[in-house]
1. Quick one: go through region 204-245 and flag any residue whose amide nitrogen is under 13 Å from the point 7 Å out along the Cα-to-Cβ line of Arg89.
2. Under 10 Å, Cα contacts only: if you run a Gaussian network model on the chain, which one of Glu263, Glu285, Glu40 comes out with the highest mean-square fluctuation?
3. Please state the charge dipole magnitude for the chain, taken about the Cα centre, from unit charges on C-beta atoms (+1 on K and R, -1 on D and E), reported in debye and rounded to the nearest 20.
4. Cα centroids of region 48-113 and region 230-306: how far apart, whole angstrom?
5. So for the chain, what percent of the C-alpha to C-alpha distances run longer than 36 Å?
6. Could you work out the relative contact order of region 226-289, using alpha carbon pairs under 8 angstrom and six or more residues apart, expressed as a whole percent?
7. Quick one: which of Lys5/Lys254; Lys99/Lys152; Lys47/Lys191; Lys73/Lys152; Lys5/Lys99 span more than 28 angstrom between C-alpha atoms?
8. Pull out the extension gain between Val3 and Asp145, defined as 0.36 nm times the separation in residues minus the alpha carbon to alpha carbon distance; nm, one decimal.
Amino acid sequence: MPVSKLISMNEAIERYVLNGSSVAMSTFMEQMIIYSAAHEIIRQRRKNLTLIGPISDLLFDQMIGAGCVSEVKAAWVGNVMMGSAYQFRRAVEEAVPNKIKMTDYSNLTMALALHAGALGVPFLPTLSTLGSDLLKENESLKEFDSPVSDEKLVAVEAIIPDVAILPVQRCDETGNAHLWGSLGVSIDAAKASKIVILVAEEIVPPELISSDPGRTLIQGFQVSAVVHEPWACHPSPMQGYYNRDDSYFSEYHKETKTRDDFENWLGKWVYGVENREHYMSLLGEEKIKSLKIKKSALSVPVDYGI
């Protein structure tokens, strides 16, 4: 009988995200960014983390500002609507609250690094980034002579995160998961990482998962923990469940310009929050209602019959 891996977010972070860990988050690109896990990491005051992910919206900014981070491996960090990410900028320019190392990737080289990790190979070759300053700044990108032509290539060194924290639409208690929409580099992040924590909108019976094996993109044998936490990605959208909270990004921009402003924001929205249920009560029923999916766009059914 398969053993349930269902635990709370508090327990998942306490057990698997240790000081000094490298953590892959924000792997779905512009959607499904796992804010609830980031806030729990901040509440547990983790330190010296290396954050890995191509585009993080405000998630990395919040964790950097809380003093959890020593290095970021990413293609972009900022407020996608408003521009600058104040906590990230303060850390890089002023070492406030602490100095961080920024290791720059392009979206493609980040994808190749995780894909190499997923394949179990030390690197993958590409033509991308030749002639760019990325080769000067990122020691994991190295130019070399092609063994089969006269071309120059770039070797993208594999990334193997200690932990990947991935939101999914639904899974069973053992971690067999259905997910859909823009997947970004999430599947490779799951395969490359030593530990995988899934955060699910819905926990469903195994029979539902096995009824659509083509949508089971993460399998239970890859997964160490399953957390059931609806609305875990707010203010980011979850495909098929809720939309992006655009007002959140402009409000955060206004409310975190100074260090004192950010600490006040942390006190209200992170340290002053017990769990995700409490967080949702602070958002309020009207806000939640306004973000829910208004019109379904169902896929065409498939037939697995024989």
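1. none
2. Result for the chain, Cα springs under 10 Å: Glu285 fluctuates most.
3. With Lys and Arg at +1 and Asp and Glu at -1, about 380 debye.
4. About 20 Å separates the Cα centre of region 48-113 from the one of region 230-306.
5. 18 percent
6. Relative contact order for region 226-289 comes out at 20 percent.
7. Lys5/Lys254; Lys99/Lys152; Lys5/Lys99
8. Length gained between Val3 and Asp145: 46.2 nm.
Read-outs throughout are calculated quantities, based only on the coordinates presented, and are distinct from any laboratory measurement. Fair warning: this is a prediction, and the values are worked out from it, not measured in the lab. Methodologically, a virtual Cβ is constructed for each residue, glycine included, from the backbone with ideal geometry; neighbour enumeration extends over all protein chains shown.
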